[in-house]
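Scroll down for the structure; my scribbles are underneath it.
Please treat every number below as a calculation from the coordinates, not as lab data. Not measured: the values here are computed from a predicted model. Note that we place each Cβ from the backbone using ideal geometry, even for glycine, and neighbour counts take in every protein chain shown.
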Amino acid sequence: MSAPEPIVEVRDLDRRFAQVHAVKGISFDILPGQVVGFIGANGAGKTTTMRMMATLERPSGGSIRIAGHHVVREPAAVRQVIGWMPDNYGTYANMNVFEYLDFFARAYGLRSAQRRARVEEILDFADLTPLADRPINKLSKGMGQRLCFGRMLLPDPQFLILDEPAAGLDPKARIEFKNLVRILAQQGKTLFISSHILSELGEMCDTLLFIDSGKIVYHGAAEQLRRGNQTTPNGLASTVQIIDISLTGDPASLLDWLSLRPGIKLLDKRRDGARLELSAGDDEALAILLKQMITDGLPLTEFHRVERKLEDAFVDMVRGLQTPPPLPGLNLPS
Amino acid sequence: MNPILVKELRQSLRSRWFEIIFLWLCSSLTLITAVGSSINAPNGTTICFWIAVASTFHILLPFRTILSAHHDRQRGNFELIRVAGITAEKLTNQRITALLFHTLTLASLVLPFVVLRYFLGGIELYSELTYLLLLTLSAPVVGSVFLWQVTTGTIGRFLISILLCFLLPLYEFFTVASAFGSGAAAGAPFVVWIFVSIIGTMIAQAFASEGFILHSLTSNP
């Protein structure tokens, strides 16, 4: 079976402003049905990249294709397949929720009966039916985000671009937002979401894309990152597993056992156990380690892999990139 | 119906601005007509009457349009409208169409006052109706220039303000001459008026559309 065609193809994308080089030749693909989290610090180039994808910013170089359409050469075709939700949703004075959606439905070219049905469907989906007559400038932040989410879904787009959608939402609104994302993912929509709240992105997204100073520094599964992938200064990933074990009896037996195994590093020692780092450890290596511990008679009561927080992974990655590699031929003092 | 027109009509009919404009026009025309009637010379208040109408049609209403456009620009609504598929040209045209509808709504308020003035005696009904029609039709011309102004940068705004200061009175003069001129003298200003109106609207709308792209929406067409 052949791999599915990517719905988004970004190639050598570059964007320069007068003084700032915001996006520096990034490339990535997004497959249909993926929920991709786009992570980066303020000023890393997230919004600029998203705006270029949404046809609102012209790239200085490179290309973006969405559903086969070029964003600069065919912006109208791209706009028909995307939904765009900026970080600040637009509001209108003297307009209620129904009229707001009706206005955008007209703008998307939906006609009379079809338009009304679609607006009612969206109100229902975003749980806004009871608020249909409420003026939009009287909505709470959470309600406003749901309305903006609904507006984006009016033309039933294939690819949704959401810039910081959870910013400023209270915990209840965040849960509602996550539920909406989950439903859309189940419907097979492709979502591209940026956020500062990495743990939430980790829960919602199956793929993560880290950007730092306009460059992509990681593109892969959230699960893989949590399990311990670290990035070296040259951008290459190496796998490190952190294991937490508990045992009964004297912990000295564990220390003796570890002294015979140089590939395993003791990170932290407790009265009832320890935290270990296993370099170059895949799932198979973990299974072998567990088997060996039991065979060697260690009184284990618990053995589990520690998943790193995404925030830690992101900070490690950025820190790793900022560490300059040693100059060739230069002997640094140990 | 076009979406911007529907939105503008819905919004404006509920807006405080439109209420103020409506009340201002209603009260000023009532007062002027009452004064004209009390001194038994409606003709003597003609200038005041039409200054009130012209200032409403050519200053207050276009100002409301640019205020609305300015708010939309500040709140980032233009980008959402663009992504929804409305081009900058459509955006400009539809706003001007909405302005024409607002002007027509207020013209229907002015009409009974004109008829009342005729029955009170002393005015030329045909000329006054012609002037009301020309004032209504010229609102999009002035509105387009105002909209052009809101979509440009600081220097552009300054230059268009100067243009408006010099050309608006001249244009108003041609409008008056076209409506109230008599005999052969009426024909020439009317031709100039038609020419200036069409060309002025086209140029102002083209620049306004370009301004929406350049200053409100970044650079992707």
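A few remarks follow.
- For A:Leu31, distant residues with modelled amide H under 5 Å away: A:Ile7
- Cross-link partners for A:Lys46 among the aspartates and glutamates, with Cα-Cα distance under 12 Å and sequence neighbours closer than 8 places in the same chain left out: A:Asp87, A:Asp163, A:Glu164, A:Asp212.
- Estimated from helical segments only, the mean residue ellipticity of chain B at 222 nm is -28000 deg cm²/dmol, where each DSSP H run of four or more residues counts as -39500 (n - 2.57).
- Ratio of Rg to Rh over chain B (Cα coordinates, Kirkwood Rh, two decimals): 1.01
- With 27 Å as the limit on Cα-Cα distance, the pairs of A:Lys178/B:Lys90; A:Lys269/A:Lys291; A:Lys141/A:Lys215; A:Lys269/A:Lys309 that go past it are A:Lys178/B:Lys90; A:Lys141/A:Lys215.
- Remark: relative contact order (the stretch A:109-200) = 29 percent; criterion is Cα-Cα distance under 8 angstrom and separation of 6 or more residues.
- Residue among B:His58, B:Gln74, B:Asn43 farthest towards the positive dipole end of the stretch B:35-137, charges placed on Cβ: B:Gln74
- Shown for the protein assembly as shown is the translational diffusion coefficient from the Stokes-Einstein equation, using the Kirkwood radius over Cα pairs, a temperature of 20 °C and a viscosity of 1.002 mPa s: 76 µm²/s.
- Convex hull per residue volume in Å³, alpha carbons only, for the stretch B:88-183: 107 Å³
- Shown here for the stretch A:21-92: trypsin sites (Lys or Arg not before Pro) in loop regions (DSSP other than H, G, I, E, B) with at most 16 other Cβ atoms within 10 Å, namely A:Arg73.
- Taking θ as phi - 60° and the Karplus parameters 6.51, -1.76 and 1.60, the scalar couplings of the stretch A:19-34 work out to 10, 10, 9, 6, 10, 10, x, 8, 9, 6, 10, 10, 8, x, x, 7 Hz in sequence order, x denoting glycine and proline.
- For the stretch A:8-221, alpha-carbon Rg relative to the globular expectation (2.2 N^0.38 Å, N residues): 1.01
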